[in-house]
Each structure stands twice: as structure tokens, then as C-alpha cells.
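A short write-up of the structure that comes next.
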């Protein structure tokens, strides 16, 4: 039947592009909205923010290419001057500043999490979804600490104290919340999660 035509020029292929674009735009918007909820801390340039929760959902729901595209679009919007970064910040300076490493790390974060969850059975197991999200989170932290250490914090222990240890317990809780949310979305709205796409 025509509706099942998988060819790029067929009906299914023609509708795939807009669907993918819509998923990417929706998740980008979610990340930007969640970034509004952020709290600065007096002992570190890194704020507490819900932005990472949106990143977790991007990696847990979207196929790898779409997850990376959603985060890349978010970074591009912020770099272009839209106040979508934590605390309403914007501009290329944020990406090059003390918290920029976390934003760059988010790209690797969602790529890894989404890749893991395309493996057979992973997207249906709460434990594996949590493990994929946590593995991705480790890459966000890695990017953040490397940039902090490179230009703003003098030592590795200090960088970990300023950029990882105060946030890790809360982020692991966010991952625990993101896991059932992602599983529920995949069950309720499989098209939103890109089920059946690459």
C-alpha cells in the first residue's frame, strides 16, 4: 500500500522529514524551557538547573541523530543570542565560558544515551534506560570539568568540587525521574520517540 512505501520519494519517506524536524524542535524547546529553572550557587560558576533533565529526555527518547540535532539546535539558538541558556544567558561567550563544557558535553551525552537505547531490549528496560542516561550524564560532566579545569579552576580536585560533587546526587535523582517518563512516553506516543526510525 502507498502509505507503507519506505522510499524517500514515497508517502512514508515524504512525511518522515517533517516528523523528525518536529521531534527535534519539540525537544529543543523543552530543553530551553527547563533551562529557565536554574539557581546560582555562591561557591561555583555552575548553577543548579533543570536543563539537564531535558537533555536526559532527548537521549532517552530520540534516535541518535535527532537527539544530537536537538541539542545542537539548542546550542545554536543560544549562541545566536536567544536567552535559552541557564539563568537566561545567551551568546557564544557562554559556550566558551566556565559552564560551556557542560553544553558541549551534552552533545556527546545524548549521542551515547540514544545509541545505547537503540540496542535490542534496552529501551524497554527501566534499569538499562537509567544506565544509558547515567552513561550520557558522565560525558556531560566530563566536558564540564575539562573546560572548568582548562580556564577557570586551578586543579582537578577543585574542578570536581566546583563542577561535579555538588550536582551529582541531584542529577542522579533527575535520571531516576527521567527513566519512567521516557518509558511512559515510548509506550503512549511511540511516534514522538521516533520508534521505527533510525
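For the range 160-177, filtered to residues that are in a helix (DSSP H, G or I) and farther than 20 Å from residue 54 by Cβ, the residue that is farthest from the chain's Cα centre (by Cα) is 161.
For the range 131-143, the set of residues classified as over 25 Å from residue 95 (Cβ atoms) and either in contact with a strand residue (DSSP E or B) (Cβ under 9 Å, 6 or more places away or on another chain) or crowded, with 20+ Cβ neighbours inside 10 Å (or both) consists of 132 only.
Of the helices (runs of 4 or more DSSP H) lying entirely inside the range 65-159, those carrying at least 2 residues that are touching a residue at least 12 places away in the same chain (Cβ under 8 Å) and within 24 Å of residue 22 (Cβ to Cβ) are 100-116, 126-151. For the range 178-198, how many residues are part of a loop (DSSP other than H, G, I, E, B) and either touching a helix residue (DSSP H, G or I) at 6+ places or on another chain (Cβ under 9 Å) or within 14 Å of residue 46 (Cβ to Cβ) (or both)? The number of residues fulfilling the criteria is 7. Test residue 48 against the stated conditions and say whether it is in contact with a helix residue (DSSP H, G or I) (Cβ under 8 Å, 6 or more places away or on another chain), in a helix (DSSP H, G or I) and closer than 20 Å to residue 133 by Cβ. No: the conditions fail for residue 48.
You will find that of 77, 62, 116, the residue that is within 11 Å of the chain's Cα centre (by Cα) and crowded, with 18+ Cβ neighbours inside 10 Å is 62 and no other. Here residue 86 passes the criteria (1) farther than 22 Å from residue 45 by Cα; (2) surrounded by 20 or more Cβ atoms within 10 Å (Cβ to Cβ) except the one numbered (1).
Is it fair to say residue 146 is within 17 Å of residue 45 (Cα to Cα) and modelled with pLDDT of 95 or more? Yes, satisfied.
The values are calculated or read from the model by the stated rules, or taken from the named source; none is laboratory data. Since the model is a prediction, treat every value here as computed from it, not as a measurement. Every residue, glycine as well, gets a Cβ built from its backbone with ideal geometry; the counts of neighbours run over all protein chains shown.
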